[in-house]
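The values are calculated or read from the model by the stated rules, or taken from the named source; none is laboratory data. None of the values given here were measured: they were computed from a predicted structure. Methodologically, a virtual Cβ is constructed for each residue, glycine included, from the backbone with ideal geometry; neighbour enumeration extends over all protein chains shown. Side chains are part of the model used for accessible areas, which takes the heavy atoms of the whole protein and leaves out ligands, DNA and RNA. Shrake-Rupley method; radii C 1.70, N 1.55, O 1.52, S 1.80 Å.
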Amino acid sequence: MRIRAILCYLCLASLAGGLAFAAPPGQIRVQVNTVSIFATVRDKHKSIVTGLKQDDFQVFEDGQPQEITNFSADSDLPITLGMLIDTSGSEYYMLSAEKDAASRFYGRVLRKGDLGMVMTFDTDVDLLADFTDDRAVLNRAINRAQINVPVGGVLVQGPLPTSGTGGTNFYDAVYLAAHDKLSGEAGRKAIVVLTDAEDTGSKIKLQDAIDAAQRTDTVVHILLISADGGDQSVAKRLTDETGGRMIVVRNERNLEQAFDQISEELRSQYTLGYTPSNKSHDGAYRKIKVEMKDKEYSALARRGYYAPNY
């Protein structure tokens, strides 16, 4: 199934023009009075910290302390996970290794109650497998990922580009995964992107992709796969703002290790919930900061959310 970015043109144009867009089902406003945060805690040696209690955390919204009313350290909470694979020419020499590692990753990380999907992006965005708990379906979808642009003057395997814009639609892919697919899902939601983070063809801006992830409560992790490091500033901004991780992968040897780190992140999260002291339903963006009382520890969590607008 092909998701054409052009079909979202009016919505994307509105976002690019700064117009407000209605919150879809499944985003944070489903629980109007509760803000949920998923946090991973590491020590000064970057090791995952488990066994913490509610009193170990502090949460601030726009600088104001908030009372944590819900807390869980259950690492088995179901997760809905999207895998986005860059199939532009820049990934030509790594794609085979990416597909093998991605299949093994899904085999390790998905448990009963979890769902996964697979999308690829280049000059278009393709949905290769919709949400499913069938690992065989996910593996077949990953194996269908194909480079879709000319390499060295020869068109390698894959359907011809049809969007008419050219380039790599990285931001469009993140937006569509979050806004069109994950908005209707509940619980923990995450996207893992394999890319060099160099966008050359999207209709929307980076901030719009970030907004879509924040509005749908989606954490974005990026495996930055590039011999020269890729666009680290873009990848770091997208992951930092959504509470995810950026890991630089320069060769095949690092790829499996990077997937292991993301798997550990996904299975070692604390769930924090609070009722905002700011009761306004103004649709405004509110900054979140999660701090640890033990300053030897640091928490990785999303940096904000959009208040309901009604």
Completion exercise
Of the conditions (1) basic (Lys, Arg); (2) at pLDDT 90 or above; (3) buried (at least 17 other Cβ atoms within 10 Å of the Cβ), the single one that Arg29 does not satisfy is (2)
Problem - Among (1) touching a helix residue (DSSP H, G or I) at 6+ places or on another chain (Cβ under 9 Å); (2) among the β-branched types (Val, Ile, Thr); (3) modelled with pLDDT under 95, the one test that Val220 misses - result: (3)
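Of the residues Lys99, Lys44, which single one is basic (Lys, Arg), farther than 30 Å from Asp199 by Cβ and out of contact with any strand residue (DSSP E or B) (no Cβ under 7 Å at 6 or more places or on another chain)?
Numbers: Lys99 fails: farther than 30 Å from Asp199 by Cβ.
Only one candidate qualifies: Lys44.
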Exercise for the section: Give me a count of the residues in segment 104-120 that are modelled with pLDDT of 95 or more and small (Gly, Ala, Ser). Expected result: 1
Practice task
Can you work out which of the residues in segment 251-274 that are open to solvent by 50 Å² or more (accessible area, probe 1.4 Å) and among the charged types (D, E, K, R) is nearest to Asp240 (Cα to Cα)?
Solution key: Glu264
Exercise for the section: Mind listing just one residue for me: the one in segment 105-119 that is closer than 13 Å to Val192 by Cβ and outside any loop (DSSP other than H, G, I, E, B) and, of those, most open to solvent (accessible area, probe 1.4 Å)? Expected result: Arg108
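Filtering segment 120-147 down to residues that are basic (Lys, Arg) and assigned to a helix (DSSP H, G or I), which residue is nearest to the chain's Cα centre (by Cα)?
Taking segment 120-147 first, the residues basic (Lys, Arg) are 135, 140, 144.
Of the ones still in play, those that are also assigned to a helix (DSSP H, G or I) are 135, 140.
Working: Arg135: 20, Arg140: 22 Å.
That would be Arg135.
Within the bounds of segment 275-286, is there any residue that is in contact with a Ser or Thr (Cβ under 7 Å, 6 or more places away or on another chain) and surrounded by fewer than 18 Cβ atoms within 10 Å (Cβ to Cβ)? First the steps, then the outcome.
Taking segment 275-286 and keeping what is in contact with a Ser or Thr (Cβ under 7 Å, 6 or more places away or on another chain), we get 275.
With the extra rule that they be surrounded by fewer than 18 Cβ atoms within 10 Å (Cβ to Cβ), the set shrinks to 275.
Yes, segment 275-286 contains at least one residue that is in contact with a Ser or Thr (Cβ under 7 Å, 6 or more places away or on another chain) and surrounded by fewer than 18 Cβ atoms within 10 Å (Cβ to Cβ).
Picking from Thr40, Thr34, Thr87, Thr50, which residue would you name as being at pLDDT below 90 and of a type in the set (Ser, Thr, Tyr)?
One residue alone meets the criteria, Thr34.
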Exercise for the section: Return yes when Lys236 is out of contact with any Lys or Arg (no Cβ under 6 Å at 6 or more places or on another chain), of a type outside the set (S, T, N, Q) and surrounded by fewer than 22 Cβ atoms within 10 Å (Cβ to Cβ) and no when it is not. Expected result: yes
Practice task
Quick one: Ala284 ticks every box in (1) in contact (Cβ under 8 Å) with a residue 40 or more places away in the chain; (2) over 28 Å from Tyr92 (Cα atoms); (3) hydrophobic (A, V, I, L, M, F, W, C) except a single one, so which number is it?
Solution key: (1)
